[in-house]
Amino acid sequence: MGKNGTARGVAIAGVLDNLRRVFQVVHGYSKRAERTGGLTGPQLWAVKVLSESGPVRVSDLARRMYLHPSTVVGILDRLETRDLAERTRSREDRRVVTVALTRKGRHLVSKVPEIAQGLLLNGLEGLSSRDLEDLSNALEVLVKILGAHRMPPRLLLSSEVNLPKAPAPRAPR
């Protein structure tokens with residue numbers, strides 16, 4: 001560590017230690033949740049959000065999770081495969097699809113621990129606008145320092161990326 005004794009050196013060491021703590025906590029929560037529920041962090045996060053909101057439109061679930069709808073659809077596909085969630089198309093408006101937990105999903109949610117994404121989301125929503133802006137600016141600086149500003153944003157400890165899916169290429173006519 002350069003300039004060990006200076007206030008600047010102490011501040012840099014504090015930033016690095018806090019980043020280490022964040023990574024440790026996120027990793028620990030995700031591993032614990034995976035062991036308990038056998039799902040990825042994003043899948044468990046979706047289950048938790050669904051348990052709090054009941055049947056909800058897929059677009060509203062995406063908004064509550066701060067994810068693109070196409071990302072949420074991929075998560076729901078995997079939850080449906082495991083019979084944890086179920087999508088239903090509205091009879092009144094066929095464009096509207098709601099999603100809810102199955103009985104198996106409701107049972108699972110009672111056994112799984114809190115997950116990092118939920119804690120982060122609740123904490124961020126509780127910040128003042130000023131604190132949220134300060135944190136956002138500081139993280140932007142960190143991302144630039146690491147050269148990661150063009151990197152697609154993966155969900156925490158997952159291979160899933162939070163970007164809309166590119167449209168499928170059209171066949172030539």
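The values are calculated or read from the model by the stated rules, or taken from the named source; none is laboratory data. Keep in mind that what you see is a predicted model, and the values were worked out from it rather than measured. Note that we place each Cβ from the backbone using ideal geometry, even for glycine, and neighbour counts take in every protein chain shown.
Structural remarks
- Some residue of region 23-38 being in contact with a helix residue (DSSP H, G or I) (Cβ under 9 Å, 6 or more places away or on another chain) and at pLDDT 85 or above: no
- Residues that are in contact with a strand residue (DSSP E or B) (Cβ under 6 Å, 6 or more places away or on another chain) and of a type outside the set (A, V, I, L, M, F, W, C), drawn from region 52-69: PRO55, ARG57
- Once region 83-108 is narrowed to residues that are assigned to a helix (DSSP H, G or I) and without any contact (Cβ under 8 Å) to a residue 24 or more places away in the chain, the residue that is surrounded by the most Cβ atoms within 10 Å (Cβ to Cβ) is LYS104.
- Pairs with Cβ under 8 Å, 6+ apart, first in region 139-152 and more than 19 Å from ILE12 (Cβ to Cβ), second in a loop (DSSP other than H, G, I, E, B): PRO152/ASN162; PRO152/LEU163
- Residue check for ARG78: farther than 12 Å from GLN43 by Cα, surrounded by 11 or more Cβ atoms within 10 Å (Cβ to Cβ) and either touching a helix residue (DSSP H, G or I) at 6+ places or on another chain (Cβ under 7 Å) or of a type in the set (Gly, Ala, Ser) (or both): no
- Among residues that are at pLDDT 85 or above, surrounded by 10 or more Cβ atoms within 10 Å (Cβ to Cβ), of a type outside the set (D, E, K, R) and in a loop (DSSP other than H, G, I, E, B), LEU127 is included.
- Breaking point among (1) within 17 Å of LEU61 (Cβ to Cβ); (2) at pLDDT 90 or above; (3) of a type in the set (Lys, Arg), for ARG95: (2)
- Some residue of region 64-82 being modelled with pLDDT under 95, among the charged types (D, E, K, R) and assigned to a loop (DSSP other than H, G, I, E, B): yes
- Screening region 109-119 for residues that are assigned to a helix (DSSP H, G or I) and either out of contact with any Ser or Thr (no Cβ under 7 Å at 6 or more places or on another chain) or modelled with pLDDT under 75 (or both) and picking the one that is surrounded by the fewest Cβ atoms within 10 Å (Cβ to Cβ) gives LEU119.
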